[in-house]
Amino acid sequence: MGEIKRIKRLVAYYTKIFGTSNPFEIADKLGILYQIGNCKNEGCYIFLKNHRYIFLSNKLDDDELTLVMAHELGHAILDSKQNCYFIRNKTLLSISKFERRANIFAAHLLISDEMLQNYNGYTQEQFCSCTGYPKELLELRLK
């Protein structure tokens, strides 16, 4: 099974069993601890003593917070034993295997088929303006 197909299946599985695509609620159900506070980076995922932790910057607005949380949740699910840091101007364009997978996870979690249908006929710029998601995330979702 290809990597993107595997990620799509995982997203479909978690959204179905938990009844939500909200990354905070999914993290709660999976027992992944997260905290919003004064972070050097926009977000980071840490695996420590068999526990998964996500730290998010309190400087992010609501849309950014959800995006970074979805990305870090991707790390927690796909690369649970790797420590990863989210830096927007580097991470969304990163070619790192770990970052790319977390971005694909976030794109599929946050941008559902239904959402794409609801914005049918919109340009990418209009979609991004309406949803608050960056163009890079939408492009990943459309691939």
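Considered as a group, the residues in the stretch 25-35 that are among the hydrophobic types (A, V, I, L, M, F, W, C) and buried (at least 16 other Cβ atoms within 10 Å of the Cβ) include one that is farthest from Asp61 (Cα to Cα), and that residue is Ile32. Just name the residue that is farthest from Ala76 (Cα to Cα) out of those in the stretch 5-24 that are touching a residue at least 24 places away in the same chain (Cβ under 8 Å) and open to solvent by less than 50 Å² (accessible area, probe 1.4 Å). Here the answer is Thr15. Summed over the stretch 133-143, residues that are outside any helix (DSSP H, G or I) and open to solvent by 40 Å² or more (accessible area, probe 1.4 Å) total 1.
In the stretch 24-51, the qualifying residues are those that are in a strand (DSSP E or B) and over 18 Å from Ala102 (Cα atoms), and the one that is modelled with the lowest pLDDT is Leu48.
The single residue among Lys90, Lys16 that is modelled with pLDDT under 85, within 25 Å of Thr131 (Cα to Cα) and assigned to a helix (DSSP H, G or I) turns out to be Lys90.
Here's a check for you: in the stretch 54-64, which residue that is surrounded by 18 or more Cβ atoms within 10 Å (Cβ to Cβ) and in contact with a strand residue (DSSP E or B) (Cβ under 6 Å, 6 or more places away or on another chain) is farthest from Glu42 (Cα to Cα)?
Applying the filter and picking the extreme gives Ile54.
Candidates are the residues of the stretch 96-126 that are more than 17 Å from Ala70 (Cβ to Cβ) and part of a helix (DSSP H, G or I); the one that is least open to solvent (accessible area, probe 1.4 Å) is Gln124.
The values are calculated or read from the model by the stated rules, or taken from the named source; none is laboratory data. Here the structure is a predicted model, which is why all the values come from computation and not from measurement. Reconstructed Cβ throughout: ideal geometry from the backbone, glycine too, with neighbour counts over all protein chains shown. Just the protein is used for accessible areas: all its heavy atoms, side chains included, with ligands, DNA and RNA removed. Shrake-Rupley method; radii C 1.70, N 1.55, O 1.52, S 1.80 Å.
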